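Input: a single structure, listed below in structure tokens.
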Amino acid sequence: MNDQAETASCADNHNPGLLTMDDARTRIVSSIEPISEQEEVGLWGALGRVLAEDIHSPIDVPPYTNSAMDGYALNSHGVEQGATLQVIGTSWAGKPFAGRVETGECARIMTGGVIPDGADAVVMQEVVQREADTICLQRPVRAAENVRPAGEDLAAGARVLGKGQRIRPADLGLLASIGVAEVTVTRRPRVTIFCTGDELRAVGQPLKKGEIYDSNRYTLYSMLERLGVEIIDLGVIPDQPAALEKAFGEAMKGSDAVITTGGVSVGDADYVTGMLEKLGQIDFWKIAIKPGRPLAFGRLGEGRFFGLPGNPVSVMVTFYQFVQPALRRMMGETPPPRILLQIPSATPLRKRPGRAEFQRGILETGEDGTLVVRSTGHQGSGILRSMSEANCFIILTEESSGVEAGELVSVEPFQGLV
Ligand code: AMP
Ligand code: MG
């Protein structure tokens, strides 16, 4: 088919044909080598880091058989409803009872307390009648009732976390629960960023006619910060070849990746692609995606180069679709499944066939309690407010020519829960 011929030929540098979004992502990600250097980090510094090793539990969790309830530990064999038992001691959490529970006896026990020798069950305190040092059972007791066996959560030697996993809050807790104080993680990528544009001013400065505030560096910086990379920020570089060459030279030093915004189109002040061609290696791609069609991808020094478009929404869309998966691979992370929901659109959505579109949407609960998605409105690639208001992308395929109200659309939520 025509489409395929076009896609295949797009591997050539500067080919004006359009590469499909999935194809572009696959090519970029598969060309990335994971960082091989590793480092040891303590648990407090491990959140968000990517494990470079499998973790096996050195101990049983829980380490001893214990009570799931506040109550009385006893031997369930031969005790019947109405039996009276002598309370001979107490097993507190952290302070076990040293004696042995014999027939006709029981021990007071707290949640998390060690089950004393001779006992095999715990009866809840709510179902006994206590009088002085005896209890009277109000109902029969089953063996193992309210008992959490040693190793119930994890057996010693079991694999608890895998190489390539990004450490989340539950994982940190899990590591602590098995007594692991340090883990081996992949070194964080060093990512150099700068924005290009003569019109860009820093916040805090007054704007002259024709100037705008540089917002891309803030979105780019924070997307990278969330990802957990080390950021080297070179600021705003004017649209002058000499200034750009200096910035490229600086960025080349020790960066695993360089990310720029602006200057990758075909305007008279767009020098980024040319500079990459001069100082590095370039694959300049036009991708069938809206917003964000031009993307300069290549190598600079030892690192990878991502020249993102200048429009603020394009920066974010191309970052999430291409740069983030590439950096995650660089970090050694096993890619998590992509979460795409099929949700009815609250309104008709306009679109022309040809490019995949990342429209900004608001996912909300409709009157009947089910999810619907509505557009944030005007979808210009310069309208950053649309990203700020949105909580999801509405992804429309290349072929799509729009949808009617009520039709299902693919929705990619911005936020994961944990
Ligand atoms: P360019 O890709 O350099 O042609 O830029 C495309 C559009 O994005 C222009 O309207 C620029 O003014 C705008 N733009 C470029 N860089 C930034 C930035 N750092 N912050 C906000 N807008 C930008
Ligand atoms: Mg520009």
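Assorted remarks:
- Search result, residues across region 149-176 that are open to solvent by 80 Å² or more (accessible area, probe 1.4 Å) and out of contact with any His (no Cβ under 9 Å at 6 or more places or on another chain): Glu152, Asp153, Lys163, Arg168, Pro169
- Pick from region 202-214, criterion in a loop (DSSP other than H, G, I, E, B) and open to solvent by 90 Å² or more (accessible area, probe 1.4 Å), ranking: farthest from Asp270 (Cα to Cα): Pro206
- Cross-chain or 6+ apart pairs with Cβ under 7 Å, region 256-280 first and touching a residue at least 40 places away in the same chain (Cβ under 8 Å) and open to solvent by 50 Å² or more (accessible area, probe 1.4 Å), then more than 10 Å from ligand 2 (Cβ to nearest atom) and of a type outside the set (A, V, I, L, M, F, W, C): Ser265/Pro294; Tyr271/Pro241
- Some residue of region 216-224 being within 16 Å of ligand 2 (Cβ to nearest atom) and out of contact with any helix residue (DSSP H, G or I) (no Cβ under 8 Å at 6 or more places or on another chain): yes
- Near pairs, Cβ below 6 angstrom, 6+ apart or cross-chain, from region 229-243 (closer than 11 Å to Arg190 by Cα) to any residue that is assigned to a loop (DSSP other than H, G, I, E, B) and more than 12 Å from ligand 2 (Cβ to nearest atom): Val229/Arg188; Val229/Pro189; Glu230/Arg188
- If you go through region 372-396 and keep only what is of a type in the set (S, T, N, Q), within 14 Å of ligand 1 (Cβ to nearest atom) and part of a loop (DSSP other than H, G, I, E, B), you end up with just Ser381.
- Residue within region 167-185 that is free of Cβ contacts under 8 Å to residues at least 12 places away in the same chain and closer than 27 Å to Phe305 by Cβ present: no
- Subset of region 327-343 (residues that are assigned to a helix (DSSP H, G or I) and closer than 10 Å to Arg166 by Cα): Arg328
- Matching entry among Ile231, Ile259, Ile237 (being modelled with pLDDT of 95 or more and more than 15 Å from ligand 1 (Cβ to nearest atom)): Ile231
The values are calculated or read from the model by the stated rules, or taken from the named source; none is laboratory data. Given the structure is predicted, the values throughout are model-derived calculations rather than measurements. Positions of Cβ are backbone-derived with ideal geometry, glycine not excepted, and every protein chain shown enters the neighbour counts. For accessibility, only protein heavy atoms count, side chains too; no ligands or nucleic acids. Shrake-Rupley method; radii C 1.70, N 1.55, O 1.52, S 1.80 Å.
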